[in-house]
1. For region 34-172, give the percent of accessible area contributed by carbon and sulfur heavy atoms, probe 1.4 Å, rounded to a whole number.
2. If amide hydrogens are placed 1.01 Å from N in the peptide plane, which non-local residues have theirs closer than 5 Å to the one on TYR61?
3. Within the P(r) computed for region 34-172, what percentage of the Cα pairs occupies the region above 25 Å?
4. Taking the Cβ of GLU139 as the centre, find all other residues whose Cβ is under 14 Å away and add up their charges (Lys, Arg: +1; Asp, Glu: -1).
5. For CYS84, CYS62, write out the residues from largest to smallest accessible area, computed with a 1.4 angstrom probe and no ligands counted.
6. Residue by residue through region 28-44, what is 3J(HN,Hα) from phi via Karplus (6.51 cos²θ - 1.76 cosθ + 1.60, θ = phi - 60°)? Round to whole Hz and write x for glycine and proline.
7. How high is the relative contact order of region 15-135, in percent, counting Cα pairs under 8 Å that sit 6 or more residues apart?
8. Could you compute the net charge surrounding GLN28? Neighbours are other residues with a C-beta less than 14 Å from the C-beta of GLN28; K and R count +1, D and E count -1.
Amino acid sequence: AESRHTPAYGAGKAGGTFDPLTFIRQPQTVMRILCWLFSIVILGCVTNEGYINKPEEVEEYCIFNRNQNACNYAVAMGTLCFLCSAAFLALDVYFPQISAVKDRKKAVMADIGVSALWSLVWFVGFCFLANQWQVSKEEDNPLNEGADAARAAIVFSFLSVFTWRSIQLSLPHLNLQSYWSTEMLII
């Protein structure tokens, strides 16, 4: 059991040397890398095969019910999630070097908030893409081009909800006992 005086947010470990093997084995790091990879898959699926046209048409339309907003949403969220995952992965590398408890608290709280936000964003994206795929007309895509990519984007949107949520729920450097006993006084 931890004592009441355990430094908050792992501040007692601050200033240690960076060990890449320990870092890569942390569940949070694995989940963050999965989030990053899922965003690449979603972005790649929609940008590469998410726009189709009938043989007699020149202009391309979004594979999701010809709704450009669906493809735009997936591309924007995939891009932003890619950047956000990379930024928080960099923060995870830098986090052990942060010695000020207030700065560590800000980083942890930002991580929790951003993870919750991305979980919600991907849930909305999953619902939106799945709905638009469900109401897509077969005559809009007679050759069934890009169908696997569309389904992959939907599946990885769904999986992204859980990877981001797992990051939020399993932050290893968030020490709740010391947070509630000491940090609530330092707001």
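The values are calculated or read from the model by the stated rules, or taken from the named source; none is laboratory data. Note that the structure is predicted; figures quoted are calculated from it, not measured. All Cβ positions, even for glycine, are placed from backbone atoms using ideal geometry, and neighbour counts span all protein chains on display. Just so you know, the surface numbers come from the protein's heavy atoms only, side chains and all, with ligands and any DNA or RNA stripped out. Shrake-Rupley method; radii C 1.70, N 1.55, O 1.52, S 1.80 Å.
1. Numbers: 4520 of 7020 Å².
The value for region 34-172 is 64 percent carbon and sulfur by accessible area.
2. Hits under the 5 Å cutoff: ILE52, ASN53.
3. On the way: 3314 of 9591 pairs.
Of all Cα-Cα pairs in region 34-172, 35 percent lie more than 25 Å apart.
4. Every neighbour counted, the sum reads -2.
5. Details: CYS84 25, CYS62 0 Å².
Reading off the accessible areas and sorting them downward yields CYS84, CYS62.
6. 4, 5, 4, 5, 5, 5, 4, 4, 5, 5, 4, 5, 5, 4, 4, 4, x
7. On the way: 87 pairs, mean separation 38.8, N = 121.
Answer for region 15-135 is 32 percent.
8. Values: positive: ARG25, ARG32, ARG165; negative: ASP92, ASP111.
Every neighbour counted, the sum reads +1.
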